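Report on one structure; see the data block that follows.
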Amino acid sequence: MSVKPRKSAEARRRTLVKSGFGIYFAIFLIFIYGPMFAMFILSFQGKRGGTSFPMRGVSLYWWEKLIQPSTVGDLKGALVRSVILALIVMVFTALFSTMLGMAFRRPFRGSGALFYTIMAGLMVPGVLLSLGLATLLKQVGIPPNWWSTALGVHVVWTLPFGFLVMMAVFNRFDASLEEAARDMGAGEWTVFREVTLPLILPGIVAAGLFGFTLSYDEFARTTLLAGEFNTLPLDINASMTQRIRPTLFALGTASTLFSLLMIGLFLLVYTIIYRRTQ
Amino acid sequence: MANHAIPQHPGLVGAVPARGFPWRGGDDRPGEAASGRDGPAAAGARAVRRAPGGHPGWLIAPATLWLFVFLLVPLASILVFSFFTSTGFGMAPEPTIKNYVDYFEVEGFFDPEARKFLTPSVFLSTLGTTFRFALTVMVLCLLVGYPIAYFLALQVQAFKWQLALFLLCMVPFWTSYLIRAVAWLPMLGRRGLLNRALVELGIVEKPVSFLLYSEFGYTMALVQLYVVLCIGPIFFSLAKIDRQVLEAARDMGANAFQIFREIILPLSLPGVAIGMIFIFVMLMGEFASAVVVYGGKISTVGTVILNYYTFANYPFAAVNALMLMIAMMIGVVIILRVVDIRKQL
């Protein structure tokens, strides 16, 4: 008899703790998303309004200014370049991560050194890579370009994420499936295409997600290495050094919405492929 | 055609990833813990993995070459260029240690007349400031982020909710960091949202000015920008904890605090270390948000490096970069000394 009330008290205490955590989590979400949300609302600021509340009417004035070509440099071009760059980085990240993941399934000489080199891409601040490569290029007289040098350092940054995803995938991978296919006389390439690839495809998509989104938003690594033409984050940074106007908020909102759209797209593709592999 | 072989293999049920994201094991739920990974099927898989096959050379060659060109060469050039001579509009390959002398030396450094015996050079003190900010923000991120990871990993029961809420926390990481920094401007100003909230709630009588372009506002913005980086790793190490162990501890009469201190905290330390290293190195290289949220009133090592690059004094920028790298390595080594993360990898 004495156990029962104690249990219910324990249950009540647990519910209390849980709702406490829930409230904290809600506050945390406001902390994380609140500023972005305020920016989103302020992008619809009236024509006479400033960069902070109160709203002076609601208008699309700043969004229109954003689309007009003269305001923030070559915005459309910057967006196009950023997306193309992100797509190339995505392909390289997915490809390299898969190849490295395959290679790391078996121990090989120098695997430790390679592992730490890949991880170094995560650890070295972008400003150092930018500086090192930019000065080297200056010294030897090769001009930097967004599609060459910026691409190079972007992949260095995104590869560790994709690589870790593929490592996790192969850690849980059952090699006897491949062995079975091999026993039935399938060649190495057939085994990869018919057995391995379908099973690791969700991981490849996840690696691609890291490649695309991290490259699309990357600023520090691009800052000295984009060359003649800006990517979108560089344009955003440039417009921040001028007087800050609600146009910047419209730009920020547009860019964030695009990021969210891409994340949603990746998650959708991931879910579809993952369901199919089950 | 090879797929036909799958159902005929009786030993591999449960060895395929159980559910959810690939980085998430199926072994953190009681009942599933016994299946699969450490059973005979997994042992067989390990034996197969060791079997000889194609050489991995061509698999690693492209990425290795890429990392050599775009990671190792830039870092090596920083080291080399730090010994070059600045010519005012560029640099010449004449070896010198002048850059290092300039970096460390300052008037009064060894001057007995000076009040303080060791006044650090302006560059060293910038490094110190950057380090101090990094440390403060790291601690705050841990205090803010750990309960979130704990909540997600151990309090939320339904896997669907766990995944959804975790993704909600991770989304900002995949959006632009610059824009998230800009978004703080309407929050922090004298007429910003925070001030309005403070006045409306009657906490202060009139708007306070210590929010924007101040250490307080800057720190708060940095915590918001970087806290998600530690939630991920801590969440993963917490999610790996076998719930049966917690249940057993509870049955043996341990209270919640004891369970946390004796089981949960030690098991989550690798995740904490990875998260802290991640935040630390990012903060040490920080430069853009200092301009946006602090109005450029503070110099970080990052801004100093970029300034000297703009002045075309590349060797001196390189020295600053090198010192930043050394400070970072020391920090990372200290964190790794405290926590052994190899268990996590």
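At a glance:
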{"read-out": "Any hit, segment B:135-145, residues being modelled with pLDDT of 90 or more and within 11 Å of another protein chain (Cβ to nearest Cβ)", "value": "yes"}
{"read-out": "Segment A:263-278: number of residues that are touching a helix residue (DSSP H, G or I) at 6+ places or on another chain (Cβ under 6 Å) and of a type outside the set (Val, Ile, Thr)", "value": "3"}
{"read-out": "Sole exception among (1) exposed (fewer than 12 other Cβ atoms within 10 Å of the Cβ); (2) in contact (Cβ under 8 Å) with a residue 24 or more places away in the chain for A:Ala254, by number", "value": "(1)"}
{"read-out": "Selection from segment A:236-246 of residues that are more than 7 Å from chain B (Cβ to nearest Cβ), surrounded by fewer than 23 Cβ atoms within 10 Å (Cβ to Cβ) and touching a Leu at 6+ places or on another chain (Cβ under 7 Å)", "value": "A:Ser239"}
{"read-out": "Residue match in segment A:18-35 (condition: away from chain B (no Cβ under 11 Å), among the hydroxyl-bearing types (Ser, Thr, Tyr), free of Cβ contacts under 8 Å to residues at least 12 places away in the same chain and over 28 Å from A:Phe210 (Cα atoms))", "value": "no"}
{"read-out": "Residues being more than 13 Å from A:Pro35 (Cα to Cα) and facing another protein chain (nearest Cβ under 7 Å) - total across segment B:177-227", "value": "2"}
{"read-out": "Test: B:Leu306 is of a type outside the set (Val, Ile, Thr) and facing chain A (nearest Cβ under 9 Å)", "value": "yes"}
{"read-out": "So B:Met323, is it within 20 Å of B:Leu72 (Cα to Cα) and at pLDDT below 90", "value": "no"}
{"read-out": "Boolean, A:Leu197 is under 20 Å from A:Ser97 (Cα atoms) and in contact (Cβ under 8 Å) with a residue 40 or more places away in the chain", "value": "no"}
{"read-out": "Selected residue [crowded, with 16+ Cβ neighbours inside 10 Å, in contact with a helix residue (DSSP H, G or I) (Cβ under 9 Å, 6 or more places away or on another chain), away from chain A (no Cβ under 13 Å) and at pLDDT below 85] from B:Ile341, B:Ile298", "value": "B:Ile298"}
{"read-out": "Residue within segment B:238-255 that is within 9 Å of chain A (Cβ to nearest Cβ), of a type in the set (Val, Ile, Thr), in contact with a helix residue (DSSP H, G or I) (Cβ under 6 Å, 6 or more places away or on another chain) and touching a residue at least 12 places away in the same chain (Cβ under 8 Å) present", "value": "no"}
{"read-out": "Subset tally (residues that are over 16 Å from the mean Cα position of the chain (by Cα), in a helix (DSSP H, G or I) and among the polar types (S, T, N, Q)) for segment A:59-108", "value": "1"}
{"read-out": "Flag if B:Ala321 is surrounded by fewer than 19 Cβ atoms within 10 Å (Cβ to Cβ) and within 11 Å of another protein chain (Cβ to nearest Cβ)", "value": "no"}
{"read-out": "Search result, residues across segment A:62-111 that are of a type in the set (D, E, K, R) and in contact with a helix residue (DSSP H, G or I) (Cβ under 7 Å, 6 or more places away or on another chain)", "value": "A:Lys65, A:Arg81, A:Arg105, A:Arg106"}
{"read-out": "Filter result for B:Glu286 (of a type in the set (D, E, K, R), modelled with pLDDT under 90 and surrounded by 21 or more Cβ atoms within 10 Å (Cβ to Cβ))", "value": "yes"}
{"read-out": "Test set (1) of a type in the set (Phe, Trp, Tyr); (2) assigned to a helix (DSSP H, G or I); (3) surrounded by fewer than 23 Cβ atoms within 10 Å (Cβ to Cβ) - A:Phe229 fails condition number", "value": "(2)"}
{"read-out": "Qualifying position, being among the hydrophobic types (A, V, I, L, M, F, W, C), surrounded by 20 or more Cβ atoms within 10 Å (Cβ to Cβ) and modelled with pLDDT under 90, among A:Leu159, A:Leu137, A:Leu122, A:Leu224", "value": "A:Leu224"}
{"read-out": "Residues located in segment B:163-186, provided they are surrounded by fewer than 20 Cβ atoms within 10 Å (Cβ to Cβ) and more than 16 Å from B:Leu225 (Cβ to Cβ)", "value": "B:Leu163, B:Ala164, B:Leu165, B:Leu167, B:Leu168"}
{"read-out": "Count of residues meeting criterion [within 7 Å of chain B (Cβ to nearest Cβ), closer than 17 Å to B:Phe68 by Cα and of a type in the set (Gly, Ala, Ser)] in segment A:87-123", "value": "2"}
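Residue by residue, here is whether (1) without any contact (Cβ under 8 Å) to a residue 24 or more places away in the chain; (2) polar (S, T, N, Q); (3) more than 22 Å from B:Phe173 (Cα to Cα); (4) in contact with an Asp or Glu (Cβ under 9 Å, 6 or more places away or on another chain) holds:
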{"residue": "A:Pro202", "(1), (2), (3), (4)": "no, no, no, no"}
{"residue": "A:Ala206", "(1), (2), (3), (4)": "no, no, no, no"}
{"residue": "A:Thr213", "(1), (2), (3), (4)": "no, yes, no, no"}
{"residue": "A:Gln242", "(1), (2), (3), (4)": "yes, yes, yes, no"}
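So that you can scan it fast, the table gives a plain yes or no per residue for (1) among the hydroxyl-bearing types (Ser, Thr, Tyr); (2) in a loop (DSSP other than H, G, I, E, B):
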{"residue": "B:Val171", "(1), (2)": "no, no"}
{"residue": "B:Leu178", "(1), (2)": "no, no"}
{"residue": "B:Ala181", "(1), (2)": "no, no"}
{"residue": "B:Met187", "(1), (2)": "no, no"}
{"residue": "B:Leu194", "(1), (2)": "no, no"}
{"residue": "B:Ala197", "(1), (2)": "no, no"}
{"residue": "B:Leu212", "(1), (2)": "no, yes"}
{"residue": "B:Thr219", "(1), (2)": "yes, no"}
{"residue": "B:Gln224", "(1), (2)": "no, no"}
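The values are calculated or read from the model by the stated rules, or taken from the named source; none is laboratory data. Values in this document were obtained by computation on a predicted structure and should not be read as measured data. Here Cβ is always computed from backbone atoms with ideal geometry, including for glycine, and neighbour counts include all displayed protein chains.
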